[in-house]
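*Asks:* Got a structure here, written out as structure tokens. Questions coming.
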């Protein structure tokens, strides 16, 4: 086992705790919502010691958070994940478990001390302890490995690509990156990193994936706030990568003070 990380956190005041809000990533977008979780339990979770198993540079970490599907944002996240799985099945992909993900990051080093990810503030590196602490208690974490085996030099090239993008803006409208307008959302950063490393037009699907916007009213409102209309564009999302034929994944389960592969 490697990647043992421990981080002390200064506990906030009760007033600051009251102001805390959960963030959920939708196609990598951040939507704010008030939480029903105990602030105390969240801050205690930040003090825990986490351990990853056989994790290497270029591996993927997926996250799914508890959702309130009676609210518009929670319903949209779940609907998008479910519709993505349906799309994969319709295109010949056999999907066993119906796990969904709202975020994906790439492991930077074999010690699993850092990840690189695209979030609302832009592309960044993140210490693994802070990465875990970004998500509320009850979140599910999955470790993804590209399959068939990707040579280490190719994984290193994917990491290098992603690290070169640190500091670039977030793709709020989930547009394709271009030399004149290079932006990424969480899954597109991973997708294009491996496209570049493997020199392939598509890596995680055999055909282009049209971004799914369900329920339509939620996404129309999302784009209206960006002064844009609902686009027709290809791309990706975390659930698509999670269930790709190129990814073999397992859930990381919490056992006392550690996260380790299930089974």
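The values are calculated or read from the model by the stated rules, or taken from the named source; none is laboratory data. Predicted model only: the values in this text are computed from it and were never measured. Cβ placement follows ideal geometry from the backbone for every residue including glycine, while neighbour counts extend to all protein chains displayed.
*Asks:* Looking at 256, 235 in this structure, which one is at pLDDT 95 or above and either in contact with a helix residue (DSSP H, G or I) (Cβ under 7 Å, 6 or more places away or on another chain) or farther than 23 Å from residue 182 by Cβ (or both)?
*Replies:* Details: 256 fails: at pLDDT 95 or above.
That would be 235, the only listed residue that is at pLDDT 95 or above and either in contact with a helix residue (DSSP H, G or I) (Cβ under 7 Å, 6 or more places away or on another chain) or farther than 23 Å from residue 182 by Cβ (or both).
*Asks:* Let me ask another. Which residues, counting only those in the range 176-189, are farther than 13 Å from residue 205 by Cβ and in contact with a helix residue (DSSP H, G or I) (Cβ under 9 Å, 6 or more places away or on another chain)?
*Replies:* Passing the criteria: 176, 177, 184, 186, 189.
*Asks:* Going residue by residue through the range 184-194, is there one that turns out to be over 15 Å from the mean Cα position of the chain (by Cα), surrounded by 14 or more Cβ atoms within 10 Å (Cβ to Cβ), in a helix (DSSP H, G or I) and at pLDDT 95 or above?
*Replies:* yes
*Asks:* If I filter the range 228-235 for residues that are closer than 17 Å to residue 75 by Cα, crowded, with 19+ Cβ neighbours inside 10 Å and within 16 Å of the chain's Cα centre (by Cα), do I get at least one hit? Quick ask: steps written out before the conclusion?
*Replies:* Start the filter on the range 228-235 by keeping residues that are closer than 17 Å to residue 75 by Cα, which leaves none.
Scanning the range 228-235, I find no residue that is closer than 17 Å to residue 75 by Cα, crowded, with 19+ Cβ neighbours inside 10 Å and within 16 Å of the chain's Cα centre (by Cα), so the answer is no.
*Asks:* Name the residue, out of 211, 198, that is modelled with pLDDT of 95 or more and either in contact with a helix residue (DSSP H, G or I) (Cβ under 6 Å, 6 or more places away or on another chain) or within 20 Å of residue 155 (Cβ to Cβ) (or both). First the steps, then the outcome.
*Replies:* On the way: 211 fails: either in contact with a helix residue (DSSP H, G or I) (Cβ under 6 Å, 6 or more places away or on another chain) or within 20 Å of residue 155 (Cβ to Cβ) (or both).
Exactly one of 211, 198 is modelled with pLDDT of 95 or more and either in contact with a helix residue (DSSP H, G or I) (Cβ under 6 Å, 6 or more places away or on another chain) or within 20 Å of residue 155 (Cβ to Cβ) (or both), namely 198.
*Asks:* Would you please name the residue that is surrounded by the most Cβ atoms within 10 Å (Cβ to Cβ), looking only at residues in the range 161-175 that are within 24 Å of residue 114 (Cα to Cα) and touching a helix residue (DSSP H, G or I) at 6+ places or on another chain (Cβ under 8 Å)?
*Replies:* 162
*Asks:* At least 2 residues that are touching a helix residue (DSSP H, G or I) at 6+ places or on another chain (Cβ under 7 Å) and modelled with pLDDT of 95 or more in each: list the strands (runs of 3 or more DSSP E) lying fully within the range 14-113 that qualify. Lay out the reasoning, then the answer.
*Replies:* Details: elements: 22-26, 29-33, 50-52, 60-64, 103-107.
Strands (runs of 3 or more DSSP E) meeting the threshold: 60-64, 103-107.
*Asks:* Kindly provide the set of residues from the range 114-125 that are surrounded by 17 or more Cβ atoms within 10 Å (Cβ to Cβ) and either under 12 Å from the mean Cα position of the chain (by Cα) or not in a strand (DSSP E or B) (or both), ordered by number.
*Replies:* Result: 115, 116, 117, 118, 119.
*Asks:* Taking the range 195-204 only, how many residues are assigned to a helix (DSSP H, G or I) and surrounded by 19 or more Cβ atoms within 10 Å (Cβ to Cβ)? Talk me through it step by step, then tell me what you get.
*Replies:* Restricting attention to the range 195-204, the residues satisfying the condition of being assigned to a helix (DSSP H, G or I) are 195-198.
Next, from what is left, pick out any that are surrounded by 19 or more Cβ atoms within 10 Å (Cβ to Cβ): 197.
Total satisfying the criteria: 1.
*Asks:* The conditions are (1) surrounded by fewer than 14 Cβ atoms within 10 Å (Cβ to Cβ); (2) in a loop (DSSP other than H, G, I, E, B); (3) within 17 Å of the chain's Cα centre (by Cα), and residue 207 fails exactly one of them. Which is it?
*Replies:* (3) is the only condition that residue 207 fails.
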